[in-house]
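Some notes on the structure that comes next.
The values are calculated or read from the model by the stated rules, or taken from the named source; none is laboratory data. These numbers were taken from a predicted model, which means no experiment stands behind them. Here the Cβ is made from the backbone with ideal geometry for all residues, glycine too, and neighbour counts use every protein chain on show. Quick note on the areas: whole protein, heavy atoms, side chains included, nothing else; ligands and nucleic acids left out. Shrake-Rupley method; radii C 1.70, N 1.55, O 1.52, S 1.80 Å.
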Amino acid sequence: MTSEKGPSTGDPTLRRRIEPWEFDIFYDPRELRKEACLLYEIKWGMSPKIWRSSGKNTTNHVEVNFIEKLTSERRFHSSISCSITWFLSWSPCWECSQAIREFLSQHPGVTLVIYVARLFWHTDQQNRQGLRDLVNSGVTIQIMRASEYYHCWRNFVNYLPGEEAHWPRYPPLWMMLYALELHCIILSLPPCLKISRRWQNHLTFFRLHLQNCHYQMIPPHILLATGLIQPSVTWR
């Protein structure tokens, strides 16, 4: 049964929620929007309470803004224990990956899980290496799926009463393609996903080009999930 309530006026996270249109333009995997958005959750120690908020690019990227804000908290120190979950519209660039690793090395009690809607300049070798370094440092990185989109809609978006079930349903194929490319990055394989944009009609095109090394090293279930095993296939 669908709830007819939007976020309650007594909800302490209400002032930190983003609007539905913001969520849609930032997290649509088809949109190559320049700006980035971060939705995050922090759980301190053994406390069952979860702190939620959001951030966007300023003169710094959202990842650096988060680190600077968190480390400036008076109660935060190097021995603190907390688990952090990020929902990023773009994956971290190589410079942000380096900043994240430095932050985690200075705070060994912090764990970080990152969900991303899109891969940022994923053919750039520095960005690819940055993501591998994060994974090798113990950071979990995954592509957002339908369950994460629904979770973010429920907990981070100021949706209207009766709109709880109206979160955006993006085609799962785009999520699978990004997940496939993320596997290539982690396994140090060459890129298999090419993305182009036609600005005149605002269409994003995904081209998948698999080489022998991809077939040999990517788990079969990842390839089969796309339903597209041909060496070169184009979608629109």
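Heavy atoms of the protein chains alone define the surface here; on that basis the chain has 54 Å² accessible area per residue at 1.4 Å probe size. The 3J(HN,Hα) values that the Karplus relation (6.51, -1.76, 1.60; θ = phi - 60°) gives for segment 80-97 are, in residue order, 5, 10, 7, 10, 10, 10, 10, 10, 9, 6, 10, 5, x, 6, 5, 5, 5, 4 Hz. Gly and Pro appear as x. At q = 0.09, 0.11, 0.12, 0.13 Å⁻¹, what log₁₀ I(q)/I(0) does a Debye calculation on the Cα points of segment 14-170 give, no solvent, two decimals? Here log10 of I(q) over I(0) equals -0.28, -0.43, -0.51, -0.60. Report note on the peptides 43-51, 158-166, 178-186: ranked by the mean count of other C-beta atoms within 10 Å, highest first, their order is 178-186, 158-166, 43-51. Rounded to the nearest Hz, the phi-derived 3J(HN,Hα) couplings of segment 123-139 under the Karplus curve 6.51 cos²θ - 1.76 cosθ + 1.60 (θ = phi - 60°) are 8, 6, 5, 5, 5, 5, 5, x, 5, 4, 4, 4, 4, 5, 8, x, 7, where x marks glycine and proline. Put a dot 7 Å past the Cα of Thr123, heading toward its Cβ, do the same for Gln142, and the two dots end up 2.9 nm apart. Under a 5 Å amide H cut-off, with hydrogens placed 1.01 Å from N, Trp121 pairs with nothing among residues at least 5 apart or on other chains. Here the accessible area is traced with a 1.4 Å probe on the protein chains. For the chain, carbon and sulfur cover 54 percent of it.
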